[in-house]
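**Q** Can you keep this structure in mind? I'll have questions shortly.
No value in this document is a laboratory result; all are computed from the given coordinates. If you're wondering where the values come from, they're calculated on a predicted model, not measured in any experiment. Using ideal geometry, Cβ is built from the backbone for each residue, glycine included, and neighbour counts are taken over all protein chains shown.
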Amino acid sequence: MNTTTAAAPAIPRAQYIKEVGLISVGHGLTHWYPATFYLLLPLIGKELGLTYTQIGFILTVQHVVGAIANLPGGAVVDAYGKKGYLLVLSLIWIGVPYAVMSLAHSYWVLLICMALVGIGNNIWHPAAIPMLAYRYPQRKGFVLSVHGMAGNLGEALAPLVIGALLTWFTWRTVVVANVVPGVAMAALILILLGAFSASKGGDANDINARTAQPWSARKYIADVASLLRNKGLMLVSLSAMVRSLTQAGLLTFLPLYLAYELGYNPFLVGVCMAVLQIAGFAASPVAGHLSDKWGRRRVIMSSMALTGVTILGMVLAGNSVWFVVFVGLVGSFLYAMRSVLQAWAIECTPRHLAGTGVAVQFSITAIGSSISPALFGMIADARGLQAAFYGLAVTIVLGNVLVLFVPASGTTQDAAAK
């Protein structure tokens, strides 16, 4: 299903910069916190004596809870509409459990904290992505890529900053101090954007503003069922799931490989993780622009194939300068896909259900993210970390097969031609 968009009134440049800038920086912080945790995993794992499987299961719990929370989150977004408040809630909900984690001396407390993070992190996307997509319909791919690029920037800066802090402070001190930026950003969004509802901000995605019928749970369940029968949305979401599976596995086990196998200290681990994200930061707007111009399918298929090849190159490079080069290449191709897949999903979703459509995509995506850490943790325990990386490379290449079956009507070029 393709949803074409009518020409939208011009939005003043200052307002454009404020809206896109604030929402994108906030998105960067939602990625800053998980990126911090990936860097802490080797230290936490060593302190608590965890196996690779146990470490992977921590991330699996986060993603499983996130998958479960996505659909209720999408319902709240479409029914409530005041997305600015939801963005503020998301930032606070993500940051606080990391502070609580500083008191954890039990594996089970870690699992509970990560479950709470999974809920908070999945409030953000159903609110932010449709808001941006429908505010700037003619530049959907580019605007969402800026939003995604900020996520990459958050994931790039966090390893550098946290890696440096860990040379002076314990990881428990760091996670407490780490709450401050999220709370500060939440205050800025609340002050400068406020509720940002349809009636005030012009967001056409508020279901109550767009339909004559009042919102009801029964109607909403029927609408969700219609989305699950939407072939285009399902195939795009499954492709995003494969991408996310690869990303979750890479982010979980690359720091462990660097620390345990190559003997890197926390700062050098942070540098390598930052290289991964900086490359994605640079590639994201380019991919978004090219997908607006050439179509989503071509960009996704190219990026998936090249991600698989560069993961293999990274592992084969071993402890050499080429390892860092391949890490950067993996980041550029892997993260270039993220916003393009989000834009593609929006195009396959009825406009009044955009928040739920994003929630459906992220729920399916979270399945891949939840499977990956535990599955490849077991592979790493049984066969070694390199075997886990080989599996990740094969998985992303197989994801290309799904892209071939996405209906052509979901592409930008085809939509423009109609």
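**Q** Using the per-residue mean of other Cβ atoms lying within 10 Å as a proxy for protection, in what order, highest first, do the peptides 382-394, 115-127, 312-324 fall? Display every interim value, and only then the final one.
**A** Values: 382-394: 18.0, 115-127: 25.4, 312-324: 14.8.
Per-residue mean Cβ counts within 10 Å order the peptides as 115-127, 382-394, 312-324.
**Q** Under a crude label model (7 Å from the Cα following the beta-carbon direction), how far is W294 from K46 in nanometres?
**A** 4.4
**Q** Could you grab the Rg to Rh ratio for region 282-418? Cα atoms only, Kirkwood for Rh. Let's see the in-between values first.
**A** On the way: Rg = 16.6 Å, Rh = 16.3 Å.
Rg divided by Rh gives 1.02.
**Q** Could you give me D for region 112-163, from Stokes-Einstein at 4 °C and 1.567 mPa s, where the hydrodynamic radius is the Kirkwood radius over C-alpha pairs? Units µm² s⁻¹, please.
**A** Values: Rh = 12.7 Å.
D = 102 µm²/s.
**Q** With a 10 Å radius around each residue's Cβ, average the other Cβ atoms per peptide and rank 294-307, 158-171, highest first. Walk me through the numbers before you get to the answer.
**A** On the way: 294-307: 21.4, 158-171: 18.6.
Ranking, from highest mean packing down: 294-307, 158-171.
**Q** When a/c is below 1.5 the answer is rounded, else prolate if a/b is larger than b/c, else oblate, so apply that to region 361-400 with a ≥ b ≥ c taken from the square roots of the Cα gyration tensor eigenvalues. Please report the intermediate quantities before stating the final value.
**A** Working: a/c = 4.34, a/b = 1.51, b/c = 2.87.
The shape class here is oblate.
**Q** What is the ratio of the Cα radius of gyration of region 101-142 to 2.2 N^0.38 Å, with N the residue count, to two decimals?
**A** On the way: Rg = 16.8 Å, N = 42, 2.2 N^0.38 = 9.1 Å.
Output field value: 1.85.
**Q** Test of understanding: ordering L353, L48 by Cβ neighbours within 10 Å, fewest first, what list do you get?
**A** Working: L353 25, L48 14.
The fewest-first ordering by Cβ neighbours comes to L48, L353.
**Q** Then there's this: Give K231/K293; K83/K293; K18/K219; K18/K46 a once-over and call out the pairs whose C-alpha atoms are over 32 Å from each other. Mind showing how you got there, number by number?
**A** On the way: K231/K293 24 Å; K83/K293 29 Å; K18/K219 35 Å; K18/K46 43 Å.
Cα-Cα > 32 Å for K18/K219; K18/K46; rest within.
**Q** Still on this structure, I have one more. Would you mind putting 183-189, 366-372 in packing order, based on average other-beta-carbon counts within 10 Å, highest first? Numbers along the way, then the final one.
**A** Details: 183-189: 16.6, 366-372: 24.4.
Per-residue Cβ counts within 10 Å, averaged per peptide and sorted highest first, yield 366-372, 183-189.
**Q** Can you give the FRET efficiency to the nearest 0.05 for I17 and L188, using r as the Cβ-Cβ distance and R₀ = 22 Å? Write out the running numbers ahead of the final one.
**A** Numbers: r = 14 Å, r/R0 = 0.63.
Here the calculated transfer efficiency is 0.95.
**Q** Under a plain spin-label model, where a point goes 7 Å from the Cα along Cα-to-Cβ, how far apart in nm are F169 and S106?
**A** According to this spin-label approximation, the distance is 2.6 nm.
**Q** For a footprinting-style exposure proxy, rank H352, H31 by other Cβ within 10 Å, fewest first.
**A** Details: H352 19, H31 23.
By the 10 Å Cβ count, ascending: H352, H31.
**Q** Neighbouring Cβ atoms within 10 Å as the yardstick, rank F326, F405, F142 fewest first.
**A** Details: F326 20, F405 12, F142 23.
With the fewest neighbours first, F326, F405, F142 line up as F405, F326, F142.
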